[in-house]
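Okay, so here's the structure we're looking at.
The values are calculated or read from the model by the stated rules, or taken from the named source; none is laboratory data. Being a predicted model, the structure only gives us computed values, none of them experimental. Backbone-built Cβ (ideal geometry, glycine too); neighbour counts: all protein chains shown.
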Amino acid sequence: MKTISASDKPLFRQFPPAGTGPHACPRQYRRPPTVRATTAGRPRQSAPGATPGLLRPSPGRRGLFLLWRRLLGGVALSGLMLLALTCPDYAVAGAGAKTETRFAFIGDESGSAYDGVKQGIHEANLQGRFSGQSYSLHVFAGKDIDKIDPAGFIAIIVAANADALQQAGRRFKDHAVLNVSAHDDALRKTCVSNLLHVIPSKKMLDDAKAQWLQKAPGAEARASGWHHDFVKFAARDLNKRFRKGFARPMDQYAWAGWAAVKMTSDSVARKGLTSPAALLDHLKTDLSFDGQKGLDMNFRDTGQLRQLLLISNAAGELVGEAPVRGVVKPDAVDSLGLASCYTKGTSG
Amino acid sequence: MKHFIIAILLAGCFQVAQAASNRIFVTNERSNDITVIDGSSLEVEKTIKVGDRPRGIGISPDGAELYVAVSEDNAIAVIDLGSLELLRKFEAGSDPETFAVHPDGNIYISNEDDAKASVFDPATGRQLAEIQVGLEPEGVAISPDGKHVIVTSESTNMLHVIQVPEHTIIANILVGARPRAAVFNNSGDLAYATSEISGEVKKIDMTSYEVIAVKKIADEKAKPKDVILSKDETKLYVAGGRANQIIVLDADTMELIKGIPVGKRVWGLAMSRDGKRVFTTNGVSGTVSVIDTEDDEVIKTITVGKFPWGVVIDD
């Protein structure tokens, strides 16, 4: 088990990479390298303009700023001041001015889903600077699920296989357990009340491909929850941000990781939710999420996120979207996968 | 000769406060040009090339210059409203899209790629300020007294209220998913904002920064984009995007008054100074619809360039 507290060594040694700042922010990941580099390199007008959280700008902000300049000029400062200067979110969170919302991530840190989750945490903290929230990420290995203390987490994000996901569902029975990597149809059929599948099911991907082949018989096609060249509905912006932050293209697991955090943090910011059960209920019944795929997204009663899928050809190039226009109605997202727990005789 | 020179100088002076030409200017995102429409005949008068992907468009407070955000060139093009000649271009940050012209003449731009808004003096092309906002900033609205600017950030789902001239953020208002555009009322104590993905129009009290009313557009296809308020402040005109209509709401009750069918994928809106006409850009159709606001009917549809985006009236 790996828990992160203020006294721990920095968890994200790669972020920021060596050389972009005097040291990494402790506790948890706060900012990706790009934003950090910009802030460190050009401490200008923007910082006093960006009011953290409250309606009135903090008068101390400008002072911090000037100090920062001195720091860049090579003036040695105490360790604490260093921390406050280079990790402004930390300073605010440490002062208790913000409400901290904690996410647990279960899975492999080398996978793209983890990068997506980190992108989501960064964007949530960006919003949090204006709304008074802060978000942190706490990472656990799949083998440690039964040792994790559920207390204190708002939601659990799982990038692991179906068995581990189900185990997490039982361990965190009052929490939303967000699946960002397992495509198994069986998980959707069981309709476990706290498992929410952000990644598309196998059947959704198969249905999308079948719809495409009706239009283009004999073509080689692959369906996915995301494509790194997708540009519509501001997908271009998300792809650009992700690539800039992590130097890899965003795939469907990274998208699902990003989406899992974003839908949760957005709900927390809007509704002021602090209890995991209230959040779970909100996600299941009242979600209105912009996943940068053009739809107002929400979950089916199977726990599956309704979503647009993307079709690529043999060369991996983006060729279309599903629901496939001309085969089904463009907004018929329930033509993909198992539409409901209560659908009789549905196979797959 | 002396008198002649004086006459020329005088003419020059008068040109500063130019008589309005009553022309309508439309940016065409895909044909990389501007369509000039004669305001009386409603016929296309001319097409001006400005550079790649022109989008946001605005007019200087003195009516002398037309500004166009040329997105692919990362620049604002300045066109003389008398001669319709391109005067100059200035760098305006990465991918300038939407902007608004302040009563003092400065331009407030949202820079989508950089999560910031920037302020430029169009006379010198100099950047005066930069304000960090949320992700994917889009719509920019300026209060009639010039004291407040709203910037919408589409991915952070907020309206950021910026105080002028300090250029500090004084409020952040969470709204529906993908806030797109905003407009102030005449006294500046109310604002209306559209949210594209949640399909909503929100009314905001600009003294308390509270959302005081929400209208969910019933048409599922409606992705509300631009929004303007009628001159008498009784009606809101909302560009319905894929719904292919203008949604007219009662500005007080926020109830639907009517839908006005226009062209496909309607985005941009502009109203004449006298409030009698509304012009819409219909992206996919490549047309501009002219609405008579008396009975809210389309009186003419004008074919313009490819993917018309923004519209402004020199009146």
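Here are the numbers for this structure:
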{"quantity": "Among residues of the stretch A:104-161, those that are among the hydrophobic types (A, V, I, L, M, F, W, C) and within 15 Å of A:ALA256 (Cβ to Cβ), counted", "calculated": "11"}
{"quantity": "Extreme residue, nearest to the other protein chains (Cβ to nearest Cβ), among residues of the stretch A:283-304 that are under 16 Å from A:LEU238 (Cβ atoms) and either among the small types (Gly, Ala, Ser) or within 16 Å of the chain's Cα centre (by Cα) (or both)", "calculated": "A:ASP290"}
{"quantity": "Matching residues in the stretch A:162-182 - criterion: being out of contact with any strand residue (DSSP E or B) (no Cβ under 6 Å at 6 or more places or on another chain), touching a residue at least 12 places away in the same chain (Cβ under 8 Å) and either part of a helix (DSSP H, G or I) or within 19 Å of A:GLU109 (Cα to Cα) (or both)", "calculated": "A:ALA162, A:ALA164, A:GLN166, A:GLN167, A:ARG171, A:ALA182"}
{"quantity": "Per-region count, the stretch B:196-243, residues without any contact (Cβ under 8 Å) to a residue 24 or more places away in the chain and under 20 Å from B:ASN282 (Cβ atoms)", "calculated": "3"}
{"quantity": "Strands (runs of 3 or more DSSP E) wholly inside the stretch B:120-211 that include at least 3 residues being within 9 Å of another protein chain (Cβ to nearest Cβ)", "calculated": "B:126-132, B:158-163, B:168-174"}
{"quantity": "First in the stretch A:120-147 and within 10 Å of chain B (Cβ to nearest Cβ) and over 15 Å from A:SER267 (Cβ atoms), second anywhere and modelled with pLDDT of 95 or more and surrounded by fewer than 20 Cβ atoms within 10 Å (Cβ to Cβ), Cβ under 6 Å, 6 or more apart", "calculated": "none"}
{"quantity": "Criterion: assigned by TED's automatic domain parsing to the domain that holds A:GLY128 and without any contact (Cβ under 8 Å) to a residue 24 or more places away in the chain - qualifying residue of A:ASP301, A:ASP296", "calculated": "A:ASP296"}
{"quantity": "Which listed residue is in the same structural domain as A:ALA176 (by TED's automatic domain parsing) and at pLDDT 95 or above, from A:ASP286, A:ASP290, A:ASP331, A:ASP251", "calculated": "A:ASP251"}
{"quantity": "Residue pairs meeting the criteria (Cβ under 8 Å; at least 6 apart or on separate chains; first surrounded by fewer than 24 Cβ atoms within 10 Å (Cβ to Cβ) and at pLDDT below 95, in the stretch A:256-277; second in a helix (DSSP H, G or I) and hydroxyl-bearing (Ser, Thr, Tyr))", "calculated": "A:ALA269/A:SER131; A:LEU273/A:SER267"}
{"quantity": "Qualifying residues in the stretch A:215-251 (those that are within 21 Å of A:ARG306 (Cβ to Cβ) and surrounded by fewer than 19 Cβ atoms within 10 Å (Cβ to Cβ)) - the one farthest from the chain's Cα centre (by Cα)", "calculated": "A:ARG222"}
{"quantity": "Residue within the stretch A:233-247 that is closer than 20 Å to A:ALA159 by Cα, touching a residue at least 40 places away in the same chain (Cβ under 8 Å), in the same structural domain as A:ASP115 (by TED's automatic domain parsing) and aliphatic (A, V, I, L, M) present", "calculated": "no"}
{"quantity": "Qualifying residue in the stretch B:230-248 (condition: within 26 Å of A:ASP237 (Cβ to Cβ), part of a loop (DSSP other than H, G, I, E, B), modelled with pLDDT of 95 or more and within 17 Å of the chain's Cα centre (by Cα))", "calculated": "yes"}
{"quantity": "Single residue of the stretch B:100-111 satisfying the filter (under 16 Å from the mean Cα position of the chain (by Cα) and not in a strand (DSSP E or B)) that is nearest to the other protein chains (Cβ to nearest Cβ)", "calculated": "B:ASN106"}
{"quantity": "Which listed residue is more than 16 Å from B:ALA123 (Cβ to Cβ), more than 15 Å from the chain's Cα centre (by Cα) and among the charged types (D, E, K, R), from B:GLU65, B:GLU97, B:GLU85", "calculated": "B:GLU85"}
{"quantity": "Pairs, first on the phi > 0 side of the Ramachandran plot in the stretch B:73-85, second not in a strand (DSSP E or B), C-beta under 8 Å, six or more apart", "calculated": "B:ASN74/B:ALA92; B:ASN74/B:GLY93; B:ASN74/B:SER94; B:ASN74/B:ASP95"}
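Yes or no, residue by residue, for (1) part of a helix (DSSP H, G or I); (2) crowded, with 24+ Cβ neighbours inside 10 Å; (3) within 17 Å of the chain's Cα centre (by Cα); (4) of a type in the set (Ser, Thr, Tyr):
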| site | (1), (2), (3), (4) |
| --- | --- |
| A:ALA104 | no, yes, yes, no |
| A:ALA113 | yes, yes, yes, no |
| A:ILE121 | yes, yes, yes, no |
| A:TYR135 | no, yes, yes, yes |
| A:HIS138 | no, no, yes, no |
| A:ASP146 | yes, no, no, no |
| A:ASP149 | no, no, no, no |
| A:VAL158 | no, yes, yes, no |
